[in-house]
1. About the Cα centre of the chain, how large is the charge dipole given +1 on each Lys and Arg Cβ and -1 on each Asp and Glu Cβ? Please answer in debye to the nearest 20.
2. Among Val229, Tyr23, Ala149, which residue has its Cα positioned farthest towards the positive end of the charge dipole of the chain, with +1 placed on the Cβ of Lys and Arg, -1 on the Cβ of Asp and Glu, and the dipole taken about the Cα centre?
3. As a test, work out the antiparallel percent of DSSP beta bridges whose residues both lie in the range 4-78, rounded to the nearest 5.
4. Under the definition of Cα pairs under 8 Å and six or more residues apart, what whole-number percent is the relative contact order of the range 49-191?
5. In terms of modelled amide H atoms, which long-range or inter-chain residues lie less than 5 Å from the amide H of Ile48?
6. With an 8 Å cut-off on Cα pairs and a minimum separation of 6 or more residues, tell me the relative contact order of the range 87-287 in percent.
7. Mind jotting down the distance between the C-alpha centroids of the range 228-300 and the range 89-149, whole Å?
8. Wrap a convex hull around the Cα atoms of the chain, take a quarter of its surface area, and give that in square nanometres.
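Nothing in this text is a laboratory measurement; each read-out follows from the coordinates by a stated rule. Owing to the predicted nature of the structure, the values given are computational and were not obtained by experimental measurement. Virtual Cβ from ideal backbone geometry, glycine too; neighbours counted across all protein chains shown.
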Amino acid sequence: MGWRIVQITKPCRLSVKDRQLLYVPQEGDELKIPLEDISVLILENKQISLNNYLFSELSEYGIVLFSCDGSHLPAGVFFPFHNHSRYSEIAWQQIEMSEPLKKRLWQEIVKAKINNQAMCLEIFNCANFSKLREISKLVQSGDVKNSEAFAANIYWKSLFENFNRNNDTDFRNSALNYGYAIIRGCMARAIVGAGLLPCFGVHHANKLNQFNLVDDLMEPFRPFIDYQVYKMDVIGKTELTSLDKNYLVGVLMQNCIFNNEEVNLLKACELAAISLVKSIKQKDVKHLQIPILKKLPLFE
């Protein structure tokens, strides 16, 4: 599994030579990066040309590629598909999941998300982290009382001042959306790599959304992005700079606690997807593993 996150911001041509990504800018020197070292490739300029052979090699090396829109926000994602040796078997088991198992899985996902939100508040000495932990204990199967939304209302009011998650002009929302999009793409890569069908969720069930399962499993990962955004200098900013994006993408290489061990967040996506497969196969939610936001000095 690669470890480098490569962002391309200038007009260039990308190709493959000797199992390396060849970067040829319109101005400046060529650069080669071994494909085996790359985990994520982000294209932020519309004047970047590449060929199908590159896409094929990206798939071969398990590299996820993001394409950004005119606002430099991730708008599309390319990742390896159907490369699991037992794909069909796992897919059928996923489709045949019982409703009680789906509801129990969603319960655990929501509990983990709220607990990570609580940890985020505690790290920054914000109010109500204890209250969120109490709410997490009350989450029921299927989250029928919508504890997730109740906790979110308290969380956002406690984390940021004068903040509305629906305010598109707030720089903090731009930063959050960029970070979430990166996590979403990496989770899609992990889910497909584990042999799961991303369109069939355990809670999300929009027939027009091909990433329902991704949107389920990424929920506990969101507070890691919230943490990064809280630490950013947002005064007077109206749009994300290249440095801001580098900082946000860097969260993928930061460590978290996963099954009592420290792994980076990109690896945690992969392990979480694998644990979900085990839960589906064994029909037991106890196998589901979710990363835990760690106290300082993490992310310093």
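1. In total the dipole reaches around 760 debye.
2. So the residue we want is Ala149.
3. Around 55 percent antiparallel, to the nearest 5.
4. RCO, the range 49-191: 22 percent.
5. Those lying under 5 Å, H to H, from Ile48 are Cys12.
6. 25
7. 16
8. 16.2
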